[in-house]
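Remarks on the structure that follows.
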Amino acid sequence: MSARPRLSNAQARALFLDRHGLAEPPSGPGKGADLRGVIARLGFVQIDSVNTLSRAHHMILHARRASYREGALAPLHDRERALFEHWTHDASLIDMAHFPHWHLRFRRHEARMADKGRAPDAATCRKVLDQIAEHGACASGDVGEGEARPNTGWWDWHPSKHALDYLWRTGKLSVCHRKGFRKFYDLTERVIPPDVLDARVSEAETVDWACTSALERLGFATSGELAAFWDLITPAEAKEWCAKSLAAGRIIEAEIEGADGALRRSFLWPETLDETPPAPTGRMRVMSPFDPALRDRKRAERLFGFHYRIEIFVPEAQRQYGYYVFPLMEGDRLVGRIDVKRNGDRLVTRALWPERGVTFGKARMAKLESALMRSARLAGVSDLAFEDGWRRDPK
């Protein structure tokens, strides 16, 4: 039996970053068709509410298009209907072309809620649907007037709010726009373009699409990573797809070298072995912790040797770094993390922690300042400031 092919850690990083749009310089207008292309390449962009610098979805796009500004995203969803909002592993803006596959999620959520006895009352759902049909889009605060809020453990939601969320998760309603961070819902047939809404695919087609499109975007993956990418199918379904695709010669197995030299068996397309991905640019970028290249913490640690956890919910005295710190990517390395926050018209750096073995000398500090100025422009501020003692030792 011949040995499995092997990708060195440098090769794996280059392939992975190229697939995630992080190898080339972040040039381009960052709006309109160009921005739509970026999201199509990624598949989706995770939405997050934390706004110390800029929200995660804006930072993800800015990392790939330095000219991107926050106002460029909403028109793609609200007016052009190039995107729809729903769940992948978390709340996300998703390429509209993928909406037909979300019928599987809608059906499974409905069945799961019924099995658990947690589906809302049918009459309450009908009332919410009738209200929206007659009066138009509404937010959660616009339904359930006068209803009690029982202490049930269901986020203490009143029945109509529970119904609103259920109707969205099962596809009867769709998010049509946001005001600030408030979601407004409308009937799905008034939000999703008819040709997309009417398209139907089988369950088997969705499983194949989910695995195929995930592998295209990851470059290499285990079956569990394929299932987790869209979080649309089960690990068992992804495992079966891999077994059948491997037997058919559609995919192959390879050994992927981690940052520590350990090998991990993964699947990839045979033609991937013939690729020579571009060497990542040496530019430094302030990254969102929820960037698609980093959101799988275990994979990021294996590939880049970078351990990260969100410390928002960690008591302040127990935090190792800070409330919400940002990874710093330089070329194909994660070289540190930084605690920055908007304060008036300034972007204030509270602390910088280099990774072990990384020195922030004159050249790297110049790159950091350039990266911070780009982030400041995204955040709508015009100056940088640094707190006393902001340069810290590696931990």
> When ranked by the protection proxy of mean other Cβ atoms within 10 Å per residue, highest first, what sequence do the peptides 354-367, 336-349 form?
Replying inline: 336-349, 354-367
>> Sorting check: for 258-266, 182-190, 373-381, which peptide has the highest mean count of neighbouring beta carbons within 10 Å, and how do the rest follow?
In response: 373-381, 182-190, 258-266
> Among rounded, prolate and oblate, which fits the stretch 65-144 when a ≥ b ≥ c are the square roots of the eigenvalues of its C-alpha gyration tensor, a/c under 1.5 means rounded, and a/b larger than b/c means prolate?
Replying inline: oblate
> If you take the charge dipole of the stretch 31-182 about its Cα centre, with +1 on Lys and Arg Cβ and -1 on Asp and Glu Cβ, which of LEU61, LEU129, ALA72 is farthest toward its positive end?
Replying inline: LEU61
> Over the chain, what lengths in whole Å, largest first, do the semi-axes of the equivalent ellipsoid take, defined as the square roots of 5 times the eigenvalues of the alpha-carbon gyration tensor?
Replying inline: 36, 29, 20
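Stretched out fully, how many nm does the piece from ARG264 to ALA114 gain, at 0.36 nm a residue minus the Cα gap?
Computed gain between ARG264 and ALA114 is 50.1 nm.
About the Cα centre of the stretch 271-381, how large is the charge dipole given +1 on each Lys and Arg Cβ and -1 on each Asp and Glu Cβ? Please answer in debye to the nearest 20.
My answer is approximately 460 debye.
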> Going by average Cβ neighbours within 10 Å, how do the peptides 44-51, 63-70 rank, with the highest at the top?
Replying inline: 63-70, 44-51
>> If I require 24 Å or longer along the helix axis, counting alpha carbons, and a Kyte-Doolittle average no lower than -0.5, what helices from the chain are left? Use full DSSP H segments.
In response: 362-379
> With charges set only on the Cβ (+1 for Lys and Arg, -1 for Asp and Glu), what does the dipole of the chain come to about its Cα centre, in debye to the nearest 20?
Replying inline: 940
> Does the stretch 284-329 classify as rounded, prolate or oblate by the C-alpha gyration tensor (a ≥ b ≥ c root eigenvalues; a/c under 1.5 gives rounded; else a/b over b/c gives prolate, otherwise oblate)?
Replying inline: prolate
> Taking square-rooted eigenvalues a ≥ b ≥ c of the alpha carbon gyration tensor, is the stretch 37-88 rounded, prolate or oblate, where a/c under 1.5 means rounded and, failing that, a/b exceeding b/c means prolate?
Replying inline: rounded
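For every helix of n ≥ 4 consecutive DSSP H residues, a contribution of -39,500 (n - 2.57) applies; sum these over the chain, divide by its total residues, and give [θ] at 222 nm rounded to the nearest 500 deg cm²/dmol. Please list the in-between numbers first.
Values: 13 runs with 142 residues, N = 395.
Here the helix-only value at 222 nm equals -11000 deg cm²/dmol.
Given 0.36 nm per residue, what is the gain on full extension from ALA133 to ARG36 after removing their alpha carbon distance, in nm?
31.9 nm
Leaving out ligands, DNA and RNA, what percent of the accessible area of the chain is carbon and sulfur, probe 1.4 Å?
49
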> Where both residues lie in the chain, what percent of DSSP beta bridges are antiparallel, nearest 5?
Replying inline: 85
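The values are calculated or read from the model by the stated rules, or taken from the named source; none is laboratory data. As the structure is a prediction and not an experimental result, all values here were calculated from the model. In this analysis, Cβ positions are derived from the backbone assuming ideal geometry, glycine residues included, and neighbour counts consider all displayed protein chains. Accessible surface areas use protein heavy atoms only, side chains included; no ligands, DNA or RNA. Shrake-Rupley method; radii C 1.70, N 1.55, O 1.52, S 1.80 Å.
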